[in-house]
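The values are calculated or read from the model by the stated rules, or taken from the named source; none is laboratory data. On a predicted model such as this, the values are computed, not experimentally measured, just so you know. A quick note on method: Cβ atoms are made from the backbone with ideal geometry, for glycine too, and the neighbour counts reach across all protein chains shown.
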């Protein structure tokens, strides 16, 4: 009887694992309104990602990351962003370096990507405000702020920038 129960439990665990891996959860992540994103961001820029670089990963012996210190798990990357326009704050140079992780809620960058980003400094590193929410992809003349509440649809870049400028006071 004990073997049978153990076998049933094992089958239930295996079935649950198969279902969860075959059908990933597709929860939509929405951050606060645009006014909140603008307020939280120290720097808002439009630019192009010119490079990405892996900067650290788990140490296989300890299961803790080798870089950056104090982080939990996952792989770490740095995006090199060529600034085209500053909407809020002061960019120290026309090239910024934005750190990000390979988590499901963090922004993902790739070379050649046109972006509008809401940035903040954390632990001496630039990161997007609210993970995915702080990255707005630009395609041609359209912006896709799909993770910002009340803005979660593709819209004209110029119109979206005008909204930000109004909130910044420009």
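Annotations
- Evaluating residue 89 against the criteria (1) touching a helix residue (DSSP H, G or I) at 6+ places or on another chain (Cβ under 8 Å); (2) within 17 Å of residue 47 (Cα to Cα) leaves one unmet condition, (1).
- Residue 24 being in contact with a strand residue (DSSP E or B) (Cβ under 8 Å, 6 or more places away or on another chain) and at pLDDT below 60: no
Listed here are the residues, each with its yes/no results for (1) free of Cβ contacts under 8 Å to residues at least 24 places away in the same chain; (2) surrounded by fewer than 19 Cβ atoms within 10 Å (Cβ to Cβ).
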site	(1), (2)
92	yes, yes
104	yes, yes
125	no, yes
136	no, no
141	yes, yes
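- Of everything listed in (1) touching a helix residue (DSSP H, G or I) at 6+ places or on another chain (Cβ under 9 Å); (2) modelled with pLDDT of 95 or more; (3) assigned to a strand (DSSP E or B), the single unmet condition for residue 100 is (2).
- Within region 146-170, considering residues that are part of a strand (DSSP E or B) and without any contact (Cβ under 8 Å) to a residue 24 or more places away in the chain, the one farthest from residue 34 (Cα to Cα): 156
- Looking across 147, 160, one residue alone is touching a strand residue (DSSP E or B) at 6+ places or on another chain (Cβ under 6 Å), surrounded by 20 or more Cβ atoms within 10 Å (Cβ to Cβ) and farther than 21 Å from residue 91 by Cα. It is 147.
- In this structure, residue 143 does satisfy being more than 17 Å from residue 43 (Cβ to Cβ) and either at pLDDT 95 or above or assigned to a loop (DSSP other than H, G, I, E, B) (or both).
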